[in-house]
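Visitor: Structure in structure tokens, see below.
What follows draws every value from the coordinates through simple rules; no lab data is involved. Not measured: the values here are computed from a predicted model. Here the Cβ positions follow ideal geometry from the backbone for every residue, glycine too, while neighbour counts run over all protein chains shown.
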């Protein structure tokens, strides 16, 4: 029997035990095929069955309309940072970007290679501890790009930003499928899988068909969305094992009651921890209350040595991956879909004891 | 107990049972970490240990000199098809390409977006059934690109082509680590992992440092080799699980005696099948004898209905994935490193019976 500890890692992150057990049982042979899941040809009947079911579950769970393509690509959000502007932005065009963290800044840096970027809202002056309240959207922007959840800074959009024409592009890497998604407000949603959906190495892209059609044709084949849309993500060999794990995660989400049920459970987990932080005399949250993330709860003691002591004790207590990103310092508890409520209770127990010992 | 059949898939392909068993045992918890291998942060101690060991094993097995970088990227060979010329070829420059199959043709098509491509050798006029014997290399080529093994057509270079200055770029996707590699003859070697090295979704790139340095700086960050060289493939989240499987495969290769031992065993497996084909009155190989691949053995009966009957019976006999690519027709037996000699014997037994029944 394997003993598992509480894994607060920001990503790659905890996956549901049921998913890992099912994957384990199919590693040497998928069902009765006599061939392990990693060893099946992507063009064979067995994997095509997995693929089609995965796409169908994805559409069902998120309510993705028929005029959107669901693509399973590679290269992470970092690849989408340049692929989006490379496809949709030319030198004489502009796009609006909301800058709510390090990843959003990277997206801007890549986009500036292709067109004019208006930063229409930024919280950088306060180390990204909040979601900009009144962005000044432009009317000429081809699209507006935002990052729905900021893993490093523990902030999250409560709802998609309201632009004039509503052509949104969203990096949803760290909160996708943690709550219902307003897909039709977006031209493109993309997300690395390694937080809520599966292992690292798969990028989910949901893109509206008119955007697939309007993308530049003067690009390498692999960088055109139409290539992957036309070939159902099989222009070249897709990351088959990662897609299989997403399949199992989607089934698990469905068994939990879907995205609305997950939102409730995620909200409850995060609220429990924020409630503790708000009454604590030692610990405090780093994000503004109205911008707090349900996925990543960032907090500090206000003293670097105490933070270090806290983290050391946490590891010893079987609470792993709590170290905050260096640009915020302190602690970060990532509470993705698969993170169990019992882990939040265990963390609060430890925090309470630590606070008691350091009065 | 899981029963496994013989899997002749061209890729994703059979992996060593020992590798699958080890992965299975670490899926819920890697060693004593209490966190599954897919769930570990790529920046944490546990995964960094895996990563460093994987790179070290890769260098040791292939004898990769210190002035080469070993990168674990995403996007497959199809991504390298454009990334190489995008980085190293400008409009006023030329590169030599050897065209030995469909993948080589795709590489040419992507490279033509960036510079002038000389096709210095091609076997297309005979449906790629041989390796061009006397390529006419140019002197001005920035590099010479070739595909060491042609999965679809069952042909393979016996040795790297001899160019004037020896600046080779090789797509080694379907025979990497199947035999010793003359790394120092190459500026770049790249390979999708899904045939000899692991699951789909990881691309191994071995690139000489002077090439990393000379690559264009006017490109998206993710498309510059220097980005990945500088950050040890961790500029963004790498495909951690795929790298872990490569780690296990490298250990397995080492236990087999390394690349020279694998070459012996691969040569023996393929030779057994070619010997049978050469004396058969029903089956015949499609590749010219001097160009035959040790990895993919392509053969036909000369009759489409008979081929179909053969394939149907093969599946029933537990011999899976033997259908040839539509551009060649007939059959293809992929005999990668992990494919067991007993599988070749089982195939020949079935072929013998089939031939007996169809005299």
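Visitor: Below 8 Å, C-alpha to C-alpha, sequence gap of six or more: please give me the relative contact order for the stretch B:1-139 in percent.
Guide: Here the relative contact order equals 13 percent.
Visitor: Shortest first and in nm to one decimal, what separations exist between residue A:133 and its copies in the other chains, measuring from label points 7 Å along the Cα-to-beta-carbon line?
Guide: 8.1
Visitor: While we're here: Can you work out the FRET efficiency for the pair residue A:232 and residue B:260, with r the C-beta to C-beta distance and R0 = 41 Å, to the nearest 0.05?
Guide: My answer for the efficiency is 0.50.
Visitor: Follow-up question, since we're still on this one. Would you mind ranking A:185, A:106 by Cβ crowding within 10 Å, fewest neighbours first?
Guide: Fewest to most other Cβ atoms nearby, the residues stand as A:185, A:106.
Visitor: Based on Cα coordinates alone, diagonalise the gyration tensor for the stretch B:216-351, multiply each eigenvalue by 5, take square roots, and list the semi-axes in whole Å, largest first.
Guide: So the equivalent ellipsoid measures 37, 19, 15 Å along its semi-axes.
Visitor: Please work out the Cα center distance from the stretch B:92-131 to the stretch B:301-339, rounded to the nearest Å.
Guide: Answer, in whole Å: 28.
Visitor: Related question: Is the stretch A:141-187 best put as rounded, prolate or oblate by its Cα gyration tensor, with a ≥ b ≥ c the root eigenvalues, rounded for a/c under 1.5, and otherwise prolate when a/b is larger than b/c, oblate when not?
Guide: Prolate, since a/c reaches 1.5 and a/b exceeds b/c.
Visitor: Using Cβ contacts closer than 10 Å as the measure, can you line up B:137, A:81 from fewest to most?
Guide: Final ranking by Cβ density, sparse to dense: B:137, A:81.
Visitor: Which whole-angstrom value gives the distance between the alpha carbon centres of the stretch A:137-176 and the stretch B:27-54?
Guide: The two parts, judged by their Cα centres, are 32 Å apart.
Visitor: Taking a label point 7 Å out from Cα toward Cβ, give me the nm distances from residue B:340 to the same spot in the other copies, shortest first, one decimal.
Guide: Copy-to-copy label distances for residue B:340: 3.7 nm.
Visitor: One-quarter of the Cα convex hull surface for the protein assembly as shown, in nm²?
Guide: Over every viewing direction, the Cα hull of the protein assembly as shown projects on average to 30.9 nm².
Visitor: Next question. Hey, for residue B:317 with labels 7 Å out along Cα-Cβ, what do the inter-copy distances come to in nm, ordered shortest first?
Guide: 6.4
Visitor: To one decimal place, what Kirkwood hydrodynamic radius in Å is obtained for the stretch B:18-75 from all pairs of distinct Cα atoms?
Guide: One decimal place: 13.0 Å for the Kirkwood radius.
Visitor: Do you know the relative contact order of the stretch A:258-357, to the nearest whole percent, from alpha carbon pairs under 8 angstrom that are 6+ apart?
Guide: Computed over the stretch A:258-357, the figure is 28 percent.
Visitor: If you don't mind, another one. Rg/Rh for the stretch B:124-218: what does it come to with C-alpha atoms and Rh from Kirkwood?
Guide: When Rh is taken as the Kirkwood radius, the ratio is 0.98.
Visitor: Shifting gears a bit: Counting alpha carbon pairs within less than 8 Å and at least 6 residues apart, what relative contact order, in whole percent, applies to chain B?
Guide: 22
Visitor: With Rg and the Kirkwood Rh both taken from Cα atoms, where does Rg over Rh land for chain A?
Guide: Rg/Rh: 0.98.
Visitor: Let me ask something else. Under 17 Å from a label point 7 Å along Cα→Cβ of residue A:281: give me every residue in the stretch A:301-334 with its amide N that close.
Guide: The answer is A:301-303.
Visitor: Rounded to the nearest 500 deg cm²/dmol, what is the calculated helix-only ellipticity per residue at 222 nm for chain B, with -39500 (n - 2.57) per DSSP H run of length n ≥ 4?
Guide: Value at 222 nm, helices only: -11500 deg cm²/dmol.
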